[in-house]
Amino acid sequence: MQEVVFLKEEELNNIRSYLPRVSEIKSISNYFYIFSDTTRLLIIAALTISEMCVKDICELISVNQTTVSHQLKLLRDVKIVDYRRVGSVILYRIINPYVNDVISLGINQINFFNQK
């Protein structure tokens, strides 16, 4: 029978000191939840390229205005997007500088798995 090796208490404490706090883990989980919806991802990807109004987003991703508006509100609530008014038009844009990195990493991950 093979002997099971356990880490020493000192090693466990060292690892424990580097682990994120539970509150941080919950925040990370909530952040990545935003990227779990196809419509939100399409909106985010589009807005990383250019700021747009709701009508243009609807046309681009073939989704109705109610759905796009709802998703934009969720994205505003988590401070990924914001908007500015130009006359009577509201233009949405990405305000979180790390969102493009998350999208790029996701694409790279998919490409990595598709190569195998």
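The values are calculated or read from the model by the stated rules, or taken from the named source; none is laboratory data. In this text the structure is predicted, and so the values were computed from the model without any measurement. All Cβ positions, glycine included, derive from the backbone under ideal geometry; neighbour counts span all protein chains shown. Heads up: the accessible areas ignore ligands, DNA and RNA and are worked out on the full protein's heavy atoms, side chains in. Shrake-Rupley method; radii C 1.70, N 1.55, O 1.52, S 1.80 Å.
In this structure Thr48 has an accessible area near 50 Å², from a 1.4 Å probe over the protein heavy atoms. Hey, of (i) 6.7; (ii) 12.0; (iii) 9.6, which did the structure itself give for mean projected area of the Cα convex hull in nm² when calculated? Label of the calculated value: (ii). The residues packed around Arg16, meaning those with a beta-carbon under 12 Å from its beta-carbon, carry a net charge of -2 if Lys and Arg are +1 and Asp and Glu are -1. Take every pair of alpha-carbon atoms less than 8 Å apart whose residues are at least six positions apart; their mean separation over the length of the chain yields a relative contact order of 22 percent. Relative to the longest principal axis of the Cα atoms of the chain, the long axis of helix 99-114 makes an angle of roughly 70 degrees. Here r is the Cβ-Cβ distance between Ser36 and Phe112 and R0 is 25 Å; the resulting FRET efficiency, rounded to 0.05, is 0.80.
With loop membership from DSSP and a limit of 16 other Cβ atoms within 10 Å, the longest segment of the chain without chymotrypsin sites (Phe, Trp or Tyr not before Pro) is 7-97.
Apolar share of the accessible surface for the chain: 56 percent from carbon plus sulfur atoms, 1.4 Å probe.
For Lys73, a cut-off of 15 angstrom between C-alpha atoms picks up these aspartates and glutamates, skipping any fewer than 8 places away in its own chain: Asp37, Asp82.
Partner aspartates and glutamates whose Cα lies under 13 Å from the Cα of Lys55, excluding those fewer than 8 positions away in the same chain, are not found. Go through Gly106, Leu41, Ser29 and say which Cα lies farthest out towards the positive end of the charge dipole of the chain; charges sit on Cβ, +1 for Lys and Arg, -1 for Asp and Glu. In the chain, that residue is Leu41. Heavy-atom accessible surface of the range 11-116, averaged per residue, reaches 72 Å², computed with a 1.4 Å probe. In this label model, Ser29 and Glu3 are separated by 3.8 nm, measuring between points 7 Å along each Cα→Cβ vector. When shorter helices are ignored and each DSSP H run of at least 4 residues is given -39500 (n - 2.57), the per-residue value for the chain at 222 nm works out to -19000 deg cm²/dmol. For the range 1-75, applying the loop criterion from DSSP together with a ceiling of 11 other beta carbons within 10 Å to the trypsin sites (Lys or Arg not before Pro) yields Lys8, Arg21.
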